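The values are calculated or read from the model by the stated rules, or taken from the named source; none is laboratory data. Please read these numbers as outputs of a predicted model, since none were measured by experiment. Neighbour counts are summed over all protein chains in view; Cβ atoms, including those assigned to glycine, are modelled from backbone coordinates with ideal geometry. Areas reflect the complete protein model, heavy atoms only, side chains present, ligands, DNA and RNA absent. Shrake-Rupley method; radii C 1.70, N 1.55, O 1.52, S 1.80 Å.
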Amino acid sequence: MAQQPAPRRYHRDPMVRKMWELRDQLKDTKTLDEALELYLKRDKYCDDHTSPASSELQEINQMTLAHPWSELYAQGKTLWNLMPGMMSGFLEGQFLKFLVSMSNAKKVLELGMYTGYSALACAEALPVNGEVITCDVDPYLESLVKKYISKSIHGRKISIRIGPALDTINKLADEKQSFDIIFLDANKDQYWEYYQVIMDRGLLAPRGTIVVDNAFFQGQVYHETRDSMGEGMKKFNENVSRDPRVNTSLRTFLPIGVQMIRMVFIMSHVCCAH
Ligand SMILES: C[S@@+](CC[C@H](N)C(=O)[O-])C[C@H]1O[C@@H](n2cnc3c(N)ncnc32)[C@H](O)[C@@H]1O
């Protein structure tokens, strides 16, 4: 059974959100409905033909959709107005899980935990001695996530570090840690800084992969107007694609854009071997 879908206002593709907006303004919606249907049917087809999420992931999804985020923010309990649209969710979670398994990863680092959906998805694909270190700057999230991941046998593979991601990665580098998969899913305006620490301080294992969520950032990277997050994402994509140490692949297979980055000598080794 597929997990509960997010309301349409949280659709992760900005193009779909625009189409819904436009639909609300039109008198005759027939052609637009057909276009939306084509798109949404494809989404649903992908959901229906992807392995179901575990019951624990489904529970995190439901909790995230129902949590009183705006009230918590108004009461000063969270640092900012966290929103369900921030959650990676079903398709991306299952994709990450696949990637962790395919690469035989043992150690995963995530920047940007939110309610722990992607951290648990990764943990589910790790061997028993595997580890996900996930971090977030918002202290409110720690006990919430601990409560939900402790319901899963894979929850024990997850350690949470609270604090700014830049401090966390520098500390991990001081500890001489390295990771097979690094999932960047925090504040886009610092991605380039994070990348430089990751690459220059050896946090990416030689055969490791950096996976970058939301690499189009609402389409801002290829549009004229962008905010500081869009600027950060654009700078990151441009700089990384010019970094001779890595091979990159920026794809639309999830409509928000997923950037994959691997050491160049690993990619060319694979080519030469065939
Ligand atoms: C898009 S959400 C992460 C979603 C999560 N990976 C998932 O799949 O459900 C981004 C998270 O990054 C966190 N964040 C923002 N700025 C940060 C920073 N400087 N350091 C660490 N975390 C940060 C936010 O608090 C938020 O929870």
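Sorted by accessible area (1.4 Å probe), largest first, how do SER54, SER178, SER150, SER118 line up? All intermediate terms of the calculation are to be shown ahead of the outcome.
On the way: SER54 30, SER178 50, SER150 85, SER118 5 Å².
Per-residue accessible area, sorted high to low, gives SER150, SER178, SER54, SER118.
Label zone (LEU72, point 7 Å along Cα-to-C-beta; backbone nitrogen cut-off 14 Å) within the range 148-164: 148-149.
Which residues make up the longest stretch of the chain that has no trypsin sites (Lys or Arg not before Pro) in a DSSP loop with at most 10 other Cβ atoms within 10 Å? Please report the intermediate quantities before stating the final value.
Numbers: sites that count: LYS27, LYS176, ARG242.
By the stated rule (loop sites, at most 10 other Cβ atoms within 10 Å), 28-175.
About the Cα centre of the chain, how large is the charge dipole given +1 on each Lys and Arg Cβ and -1 on each Asp and Glu Cβ? Please answer in debye to the nearest 20. Let's see the in-between values first.
Details: 33 positive and 34 negative charges, 89 e Å.
The calculated dipole for the chain is roughly 420 debye.
Which residues does a label at ARG242 reach in the range 198-220, if reach means a backbone N under 12 Å from a point 7 Å past the Cα toward the Cβ? Of the residues in the range 198-220, none has backbone N under 12 Å from the label point off ARG242. Of the beta bridges in the chain, as assigned by DSSP with both residues counted there, near 35 percent are antiparallel. Other residues with beta-carbon under 15 Å from the beta-carbon of ASP213 carry, at +1 per Lys or Arg and -1 per Asp or Glu, a net charge of -2.
Averaging over every viewing direction, what projected area does the convex hull of the Cα atoms of the range 8-48 cover, in nm²?
If I average the Cα hull's projected area over directions, I get 2.9 nm².
Cross-link check: pairs LYS41/LYS188; LYS151/LYS171; LYS106/LYS188; LYS106/LYS157; LYS77/LYS147 evaluated at a Cα-Cα cut-off of 20 Å; pairs beyond the cut-off: LYS41/LYS188; LYS151/LYS171; LYS106/LYS188.
For the range 1-105, chymotrypsin sites (Phe, Trp or Tyr not before Pro) are listed when DSSP marks them as loop and at most 14 other Cβ atoms sit within 10 Å of their Cβ; the list is TRP80.
Applying 1/(1 + (r/R0)^6) with R0 = 45 Å to the Cβ-Cβ distance of SER51 and LYS18 gives a FRET efficiency near 0.90. A Förster radius of 41 Å, combined with the Cβ-Cβ distance separating LYS171 from LYS44, puts the computed FRET efficiency at roughly 0.45. Only the Cβ atoms of Lys and Arg (+1) and of Asp and Glu (-1) were treated as charged; on that basis the dipole of the range 8-48 about its Cα centre amounts to roughly 160 debye. Between the range 200-214 and the range 112-139, the alpha-carbon centres lie 16 Å apart. Quick one: grab the alpha carbon gyration tensor of the range 55-272, order the square roots of its eigenvalues as a ≥ b ≥ c, and give me rounded if a/c is under 1.5, else prolate or oblate depending on whether a/b is larger than b/c. Since a/c reaches 1.5 but b/c is at least a/b, the shape of the range 55-272 is classed as oblate. For LYS235, the aspartates and glutamates whose Cα falls under 13 Å of its own Cα, not counting residues fewer than eight places away in the same chain, are ASP189, GLU193, ASP227, ASP243. Quick check on the range 119-186: take the gyration tensor over C-alpha atoms, sort the square-rooted eigenvalues as a ≥ b ≥ c, and tell me if it's rounded (a/c under 1.5), prolate or oblate. It is oblate, given that a/c is not under 1.5 and a/b is not larger than b/c.
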